[in-house]
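First comes the structure, then the notes that go with it.
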Amino acid sequence: MVTVTPGVIIEGDVPEVFVPESRHGLRHRIHVGRAIVLLIAGVYFLTPIYAALHFALENDQNHFSFSPLTSIPSQPGLGSAFWLSMRLAGVTMVVAMGLMVPTVVYMHLKVPKLKPLFETITLLPIVIPPIVLILGVLPSSPLWLKSSPYLLSLVYVILVMPFVYRSLAAGLGAIDLHTLVEASRSLGASWFRTLWSVVIPNLRSALLSATVLSLALVLGEYTMASLDGWQTIPVWIVATSQNDGHVTVAVAMLSLIATWVLLTLIVSLDRSQSRRTLKRKQS
């Protein structure tokens, strides 16, 4: 008769004591693995940024200088290009949200079986090159719209559609949409009031994510603006790079840093609002 005690594995005639790995050791391995991955990712992303900043913050004698930064406000055409880019970004975000929010909400409520079709359609702007889109839109647009820069906003709505749709779909998947809508409608609220006062407040994080992604895409798009003949920030950077490369790289880096700061502020505000809401519910 063989008696097997806990922690002992019988192999043949010689018992071996099996010592399971402690949870502390497993967690330590996971933390080390995460740190290595984050370190590799940080080096991969930060090295080109460091190289660009190093190139931007030097003068013609290869000495460190803030002159490229101080000369940015006096650059011709930068102010108008920045203002045009911000107007296009604002119109793009308003039109995209106005179209996508009711559509995605209606799809989740009424026709959830069409989700695969919607996901396929929203992937098309990523598959189709932007140059194909703008070359197809320009000949078919009316003259009054072709002469307006806001034609770019209408085309940018198509470009941001994949990111807006997936942000909204993730936000709707995290809430009980049917219960919220049925409760609001049973209390006598209209569909518009339900969407505005019930659904949209619960999609705050998704809307903020979609807004930041849309803003980053509009501020970085070059092909369509160049072919349409309007000087946005990317077009201005390319056009001015032949005159002073240090200044244009500095402007590009400031644009990237501003996008990061905006993203950080939006995420921080969203987290602080969520914490205040949680405290109100607990109290």
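Evaluated against (1) under 30 Å from Leu168 (Cα atoms); (2) crowded, with 18+ Cβ neighbours inside 10 Å; (3) more than 24 Å from the chain's Cα centre (by Cα), Ala56 falls short on exactly one condition, (1). Selection over the range 241-260 of residues that are more than 22 Å from Phe64 (Cβ to Cβ) and surrounded by 14 or more Cβ atoms within 10 Å (Cβ to Cβ) gives a count of 1. Residues in the range 62-81: is at least one of a type in the set (S, T, N, Q), modelled with pLDDT of 85 or more and over 26 Å from Leu254 (Cβ atoms)? No, the range 62-81 contains no residue that is of a type in the set (S, T, N, Q), modelled with pLDDT of 85 or more and over 26 Å from Leu254 (Cβ atoms).
Within the range 87-120, the set of residues being farther than 30 Å from Ser190 by Cα and surrounded by 12 or more Cβ atoms within 10 Å (Cβ to Cβ) comprises Arg87, Leu88, Ala89. For the range 195-231, filtering for residues that are of a type in the set (Gly, Ala, Ser) and under 11 Å from Gly171 (Cα atoms) leaves 4.
The values are calculated or read from the model by the stated rules, or taken from the named source; none is laboratory data. The structure presented is a predicted model; accordingly, all values stated were derived computationally and were not measured. Glycine also receives a Cβ, built like all others from the backbone with ideal geometry; neighbour counts cover every protein chain displayed.
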